[in-house]
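The values are calculated or read from the model by the stated rules, or taken from the named source; none is laboratory data. Every value quoted in this text rests on a predicted model; they were computed, and no experiment measured them. Here the Cβ positions follow ideal geometry from the backbone for every residue, glycine too, while neighbour counts run over all protein chains shown. Surface accessibility is based on the protein's heavy atoms, side chains included, excluding ligands, DNA and RNA. Shrake-Rupley method; radii C 1.70, N 1.55, O 1.52, S 1.80 Å.
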Amino acid sequence: RLPQPGDYVLELLDARSNVMATYPFEMAHATPDRSDAAPAPEVSGFHLSVPYLDGVSALRVRRGSVMLGRQQAGGTAPTINAAQVRSGQLSWSGVAGTQYLVRASYDNGRTWETLGFDLDRPGVNLVATRLSGQRAQIEIIASNGLNNQTLRLSSVFVPEQ
């Protein structure tokens, strides 16, 4: 299923920066929940799944003729071989130059809560989250900027601290 067309365009580029494929899309908008009375600013973002295309070495996002960003593939594909929870700390194996997203689901994967994002080290403290004293699925997504790998832990229990 391709993204809903919109004002933005994702371009898949080869090693010489030639456009291999384009995908128009619409930006998603959200207002984060706030615990204080201050108004929360609206944030925009996107998450796209597009067909695999061999030879892609970079992604470019533009709106009209304005380039908004470019992401070059990292040198090493991300890998996550093992993960463990010990004393409220989740840790896993990782490769330098990899960014991680960690999220938890309390309802068998129907909804997800982000526990950490843009992490550059393979670990996160679970005690400081609402996971403390609960059982949940945990998902770790590793990315080198273009390629991703996901590791899902099915029944993690974090004792209350």
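Looking at the chain, the accessible area is 64 square angstrom per residue; that uses a 1.4 Å probe and ignores ligands, DNA and RNA. Between 61, 43, 85, the Gaussian network model of the chain with springs among Cα atoms under 10 angstrom shows the greatest mean-square fluctuation at 43. Please grab the % of Cα pairs in the chain that end up more than 22 Å from each other. Cα-Cα pairs in the chain separated by more than 22 Å: 54 percent. Exposed loop sites are taken as trypsin sites (Lys or Arg not before Pro) in a DSSP loop (any state but H, G, I, E or B) with at most 11 other beta carbon atoms within 10 Å; the longest stretch of the chain without one runs 35-109.
Applying a DSSP loop filter and a limit of 10 other Cβ atoms within 10 Å to the chymotrypsin sites (Phe, Trp or Tyr not before Pro) in region 2-110 leaves 52. For region 1-54, the set of GluC sites (Glu not before Pro) satisfying both a DSSP loop assignment and a count of at most 14 other C-beta atoms within 10 Å is given as 26, 42. Quotient of the Cα radius of gyration of region 7-47 and 2.2 N^0.38 Å, N being its number of residues: 1.82. Taking the Cβ of residue 137 as the center, what net charge do the other residues with Cβ under 13 Å away carry, scoring Lys and Arg +1 and Asp and Glu -1? For residues surrounding residue 137, the net value is +1. The length gained by stretching the chain between residue 81 and residue 23 to full extension, at 0.36 nm per residue less their Cα-Cα distance, is 17.7 nm.
With both labels modelled 7 Å from their Cα along Cα-to-Cβ, the residue 70 to residue 154 distance reads 4.5 nm. Each part gets one Cα centre, and for region 97-128 versus region 6-58 those centres are 20 Å apart.
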